[in-house]
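Here's the structure, in structure tokens; my notes come after.
The values are calculated or read from the model by the stated rules, or taken from the named source; none is laboratory data. Worth saying up front: this structure is predicted, and the values here are computed from it rather than measured. Ideal geometry is used to build each Cβ from the backbone, glycine not excepted, and the neighbour counts take in all protein chains shown.
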Amino acid sequence: MRPSPGLRTAANDCNLPAAGDPRNPVGFPTSFRQAPQASDKDAAHGPISAPLRVSGRWPVSGEHPGELLDYAQRAPRLPDAVNEANADLPIPLDTRRRLYEVQQYLRQFEKRAYDLFMQNLVKGTSHLSLGMEAIATGFGVAMRPDDYSFATYRGHAHTLARGTPGGPVLAELLGRSNGILGGKGGSMHLTSVEHGMMGSYAIIGAHLCIANGAAWSAKMRGTDQVAVCFFGDGTTNIGAFHEALNMAAIWDLPTIFVCENNLYMEYTPIDLITAVPHPAADRAAAYGLEPIMVDGNDPDAVYDVARRVIDNARAGGGPALVEAVTYRHGGHSRADPGKYRPAEEVEAWKGRDPIPMYHARLLALGVPEEDLSAIVHAVTEQIEEATEFAKAGAEPTAEDMMTEVWADGGSAWRN
């Protein structure tokens, strides 16, 4: 199609051969719409929280026609500065200490999981949340023990934030029989129903509709439980995302949908293949929901939003869609070096690491350094204990494979 005036074409930016050219046998279009630029008017995206501004442009290729796009050559998408006003949010100091403690636990656990992976002890790959801990922490602390959580394969942090003991979770990563699933689920399928963690799902978008089922169950039973469903930015371009949002809206379900927008859907920048700047929040209006964005690297901001939307759903106010903007420190998984990201972008976001920022905020609020050091030391001891517990677990036996196939715990054929 003819590009709009002033918009760059992929043919000019990327030297993509025209349709019919032997180097473009599939006939990919040679003009695309420029990824929208965020502007100041986006800052008023909703009364709950203002968004981080994320700007970008189409990538450039090398010198030769037909080369693959090198996303690392894009202009970096940089975070906004910390909103210091969030220190004034009405959050009790004890709650803030808890937010710091949970973040520390998630960070140290994930680092230990990485170390064990490098020792070839973790079975399969793993998807870490290093740099993204504030989201799981803020919602985990805001939820009640009987609420429901649903997560993606990047579910370590969400499982732990609901109070699941670290030892059995780490043992599950190692494939040991003392893991929370007996070593049969692994990193990508962490589940602990007794802690409200209703599963980590490897199929993109599959769990959104399941979360609606849990919310519908709570509504039919007359409880005030809520279901909180976490997913990545790429999920917003999956059909199940739209089906789940529509159903939750028309049935007025107590489902909280939380998009952890870390700017990349696996290896592809989300803004390059999405029609709107904010992949979740900008679509909320289509389902009659308020567009809510939050700084996903600020635990106070996340907790404040989480508390408001959960309280609203618990009181019968229906679903909510929250887009939390964040960034993962590493690649998509341990098999991914993440070289498709501009170096300046990675360093800038590491500079917005939620944990050092929160440490400084708590000091400014009057929490003594000794108290914070004591929290870090206590968490370190807990991680060491969890590691020893996990390593001491036995390998599952062949007989274990045939247990818990059915709800009765067995595997006998049932007609």
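Observations
- The requirement of being out of contact with any strand residue (DSSP E or B) (no Cβ under 9 Å at 6 or more places or on another chain) and hydroxyl-bearing (S, T, Y) is fulfilled somewhere in the stretch 222-241, by at least one residue.
Conditions tested, residue by residue: (1) among the polar types (S, T, N, Q); (2) in a loop (DSSP other than H, G, I, E, B); (3) surrounded by 24 or more Cβ atoms within 10 Å (Cβ to Cβ).
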site	(1), (2), (3)
R144	no, yes, no
T164	yes, yes, no
P168	no, no, no
N178	yes, yes, no
G185	no, yes, no
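- Some residue of the stretch 390-413 being buried (at least 18 other Cβ atoms within 10 Å of the Cβ) and of a type in the set (F, W, Y): no
- The stretch 300-340, residues that are basic (K, R) and modelled with pLDDT of 95 or more: R307, R308, R314, R328
- Options R176, R162; residue that is at pLDDT 95 or above, of a type outside the set (D, E) and under 17 Å from E110 (Cβ atoms): R162
- Extreme residue, farthest from R107 (Cα to Cα), among residues of the stretch 314-358 that are in contact with a Pro (Cβ under 9 Å, 6 or more places away or on another chain) and hydroxyl-bearing (S, T, Y): Y340
- Qualifying residues in the stretch 118-140 (those that are among the polar types (S, T, N, Q) and buried (at least 24 other Cβ atoms within 10 Å of the Cβ)) - the one nearest to Y105 (Cα to Cα): T137
- Total residues in the stretch 79-88 satisfying the condition of being surrounded by 14 or more Cβ atoms within 10 Å (Cβ to Cβ) and at pLDDT 95 or above: the figure is 5.
- Just one of the listed residues (E344, E384, E388, E370) is part of a helix (DSSP H, G or I), among the charged types (D, E, K, R) and within 26 Å of T326 (Cβ to Cβ), namely E344.
- Counted residues, the stretch 274-298 - those being outside any helix (DSSP H, G or I) and either within 19 Å of the chain's Cα centre (by Cα) or among the basic types (K, R) (or both): 13
- Some residue of the stretch 202-219 being polar (S, T, N, Q), farther than 21 Å from F241 by Cα and surrounded by 21 or more Cβ atoms within 10 Å (Cβ to Cβ): no
- Qualifying positions in the stretch 190-207 - more than 14 Å from the chain's Cα centre (by Cα), touching a residue at least 24 places away in the same chain (Cβ under 8 Å) and in a helix (DSSP H, G or I): H195, A206
- For the stretch 95-142, taking the residues that are free of Cβ contacts under 8 Å to residues at least 24 places away in the same chain and in a helix (DSSP H, G or I), the one that is nearest to the chain's Cα centre (by Cα) is identified as K111.
- Matching residues, the stretch 143-189, being within 17 Å of the chain's Cα centre (by Cα) and among the β-branched types (V, I, T): T152, T159
- Which listed residue is outside any loop (DSSP other than H, G, I, E, B), surrounded by fewer than 21 Cβ atoms within 10 Å (Cβ to Cβ) and not basic (K, R), from P337, P356: P356
- Residue in the stretch 304-313 that is surrounded by fewer than 19 Cβ atoms within 10 Å (Cβ to Cβ), within 30 Å of L69 (Cα to Cα) and not polar (S, T, N, Q) present: no
- Being part of a helix (DSSP H, G or I), in contact with an Asp or Glu (Cβ under 7 Å, 6 or more places away or on another chain) and surrounded by 21 or more Cβ atoms within 10 Å (Cβ to Cβ) is a property that holds for A301.
- Residue that is within 30 Å of M220 (Cα to Cα) and in contact (Cβ under 8 Å) with a residue 24 or more places away in the chain, where the choices are R334, R341, R361, R314: R314
- Screening the candidates T268, T223 for the property of being of a type outside the set (F, W, Y), more than 15 Å from G316 (Cα to Cα), out of contact with any Asp or Glu (no Cβ under 7 Å at 6 or more places or on another chain) and surrounded by fewer than 19 Cβ atoms within 10 Å (Cβ to Cβ) yields one hit, T268.
- Single condition E345 does not satisfy, out of (1) among the acidic types (D, E); (2) surrounded by 13 or more Cβ atoms within 10 Å (Cβ to Cβ); (3) modelled with pLDDT under 95: (3)
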